[in-house]
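The values are calculated or read from the model by the stated rules, or taken from the named source; none is laboratory data. Just so it is clear, the model here is predicted, and its values are computed rather than measured. Cβ placement follows ideal geometry from the backbone for every residue including glycine, while neighbour counts extend to all protein chains displayed.
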C-alpha cells in the first residue's frame with residue numbers, strides 16, 4: 001500500500017516552483033526559466049522513479065523470545081524482512097503495528113540497501129521489545145516502511161500485511177513456598193522407586209516369605225531381629241494439590257465471558273490461579289487444575305515440571321468465564337476424598353457460598369480460599385469452616401495476600 005501523493009513537502013515545493021517558472025517564462029519571455037522548470041520536473045520525476053522501480057519485498061517474518069509473552073514481562077521481537085531490489089535504495093524508517101495487548105516502541109531506522117542484481121535478495125533484521133499488557137492472542141503487524149530519495153523530494157510508504165499471532169499468558173506472581181506443608185498432604189497417588197544399590201536408608205525390611213530371592217536378604221536386619229528379613233523397596237507418596245478456578249460468569253462481569261483481559265477482577269483471579277499452580281509445582285506437588293464444576297482446565301502437572309507449567313500458561317491465555325454457576329456444588333467433587341492443599345479462587349463470594357464450600361476444607365490439609373469480590377462476612381464465615389482466606393484485588397499485592405493466608409493455624413483477611 002502506498003500514499004496517493006508521493007512527494008514530500010520539499011518535492012511539492014519543487015513542483016510548484018517549476019509551475020511558477022513556466023508561467024513566468026511564458027509571461028516574461030525568459031527561456032532560462034523554462035529550462036529551469038523542466039530541470040526541476042526531471043529531478044522530481046527521477047526521484048519518484050528511484051523509489052518505485054525495482055524493489056519488492058518477498059516476506060516478513062517475526063519471532064519472539066520467549067515464545068509466549070506474559071502480562072508484565074518483556075519479550076524480544078525479531079523481524080526479518082527479505083527484499084529484492086535491482087537498484088540501490090536509500091535509508092528510511094520502519095514501524096511495526098502493536099495490538100492493544102502489547103506495549104513497546106516498535107520503530108527505528110531502515111537501512112539503505114545495495115543492488116541485488118548479483119547477490120540475490122537482501123535480508124534486513126530488525127528487533128524491539130514488547131511488554132504484555134492484556135491476556136489473549138493478539139496479532140503483530142502490519143509492518144510499515146517509509147523511505148525518501150537522496151534529495152528528499154519523493155517518499156514511498158509500503159505496508160507489508162503479514163501479521164504474526166502472539167500469545168500473551170497471564171501474569172505469574174512469585175509466591176512464598178509452602179515449606180510447612182511439604183509431604184503432609186494425604187495424597188493418594190503412589191509411585192514406586194527402586195532404590196536397590198543406593199543404600200539401606202531408602203529401603204525397608206520385612207519378614208522372609210516363601211519364594212523370596214535369597215539375594216534380597218537384609219543381613220543387618222536379620223542379625224538385629226534374629227529372624228530372616230528381606231529388602232523391600234520403599235513406597236514414596238507423591239504429594240497432591242488441587243487448584244480450582246470458579247469461572248461462573250454470575251461472579252464476574254459479562255466482559256469476562258467474551259474477551260480475555262477485559263475484566264480486571266477475572267484477570268486477577270486467573271493470575272492467582274496460575275501463580276498458585278507454579279508455586280505448588282515448585283514445591284514438589286502434583287497439581288490438578290479444575291473449574292468448580294469439575295472440568296479439567298489443564299493437564300495434571302507433576303511436581304517440579306516447570307516445562308508443563310509453561311504449557312499451562314499458554315493454555316490460560318484464552319480462558320474466559322462461562323455461563324453456569326456451579327460453586328455451590330463444589331463440595332461434591334471432594335466427597336470421600338482426602339487430599340493435599342486445595343486452592344479455591346473465586347469472584348463474588350457471599351456468606352451462603354461460604355457455607356456451601358465449607359465442607360471442602362475438611363478434605364484438605366491446607367484449604368486456601370482467594371476471593372476477588374467477597375461480600376459481607378463471607379471470608380470470616382469461610383474461615384470458621386477451616387479455610388485460610390484472603391481477598392485479592394487487581395491493584396493489590398497477591399504475594400502478600402498469599403503469604404498471610406497460608407500461615408498454619410492463622411486466618412487472615414487481606415484487603
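Can you find a residue in region 153-173 that is closer than 30 Å to residue 275 by Cβ, over 25 Å from the mean Cα position of the chain (by Cα) and modelled with pLDDT of 55 or more? Outline the logic, then answer.
Filtering region 153-173 for residues closer than 30 Å to residue 275 by Cβ gives 164-173.
Of the ones still in play, those that are also over 25 Å from the mean Cα position of the chain (by Cα) are none.
Among the residues of region 153-173, not one is closer than 30 Å to residue 275 by Cβ, over 25 Å from the mean Cα position of the chain (by Cα) and modelled with pLDDT of 55 or more, which makes the answer no.
When you check residue 133 against the structure, is it modelled with pLDDT under 90 and surrounded by 14 or more Cβ atoms within 10 Å (Cβ to Cβ), yes or no? No; evaluated as a whole, the condition is false for this residue.
For region 283-306, the count of residues that are closer than 21 Å to residue 392 by Cα, out of contact with any helix residue (DSSP H, G or I) (no Cβ under 8 Å at 6 or more places or on another chain) and not in a loop (DSSP other than H, G, I, E, B) is nonzero. Criterion first (touching a helix residue (DSSP H, G or I) at 6+ places or on another chain (Cβ under 6 Å) and buried (at least 17 other Cβ atoms within 10 Å of the Cβ)) does residue 379 satisfy it? Here the answer is no, as residue 379 does not meet what is asked.
Is it fair to say residue 298 is in the same structural domain as residue 400 (by TED's automatic domain parsing), farther than 25 Å from residue 379 by Cα, over 19 Å from the mean Cα position of the chain (by Cα) and surrounded by 19 or more Cβ atoms within 10 Å (Cβ to Cβ)? The answer is no for residue 298. With a requirement of 1 or more residues that are in the same structural domain as residue 132 (by TED's automatic domain parsing) and modelled with pLDDT under 90, the strands (runs of 3 or more DSSP E) lying completely within region 37-114 that satisfy it span 55-65, 74-85, 92-96. Screening 106, 18, 42, 9 for residues that are surrounded by 16 or more Cβ atoms within 10 Å (Cβ to Cβ) and over 31 Å from the mean Cα position of the chain (by Cα) leaves exactly one candidate, 18. Here residue 258 meets each of (1) in contact (Cβ under 8 Å) with a residue 60 or more places away in the chain; (2) closer than 21 Å to residue 169 by Cα; (3) in contact with a strand residue (DSSP E or B) (Cβ under 7 Å, 6 or more places away or on another chain) with one exception, condition (3).
Hey, residue 197 hits all of (1) over 30 Å from residue 395 (Cβ atoms); (2) under 39 Å from the mean Cα position of the chain (by Cα); (3) modelled with pLDDT under 70 but one; which does it fall short on? Against the list (1) over 30 Å from residue 395 (Cβ atoms); (2) under 39 Å from the mean Cα position of the chain (by Cα); (3) modelled with pLDDT under 70, residue 197 comes up short only on (2). The single condition among (1) at pLDDT below 85; (2) closer than 30 Å to residue 269 by Cβ that residue 176 does not meet is (1).
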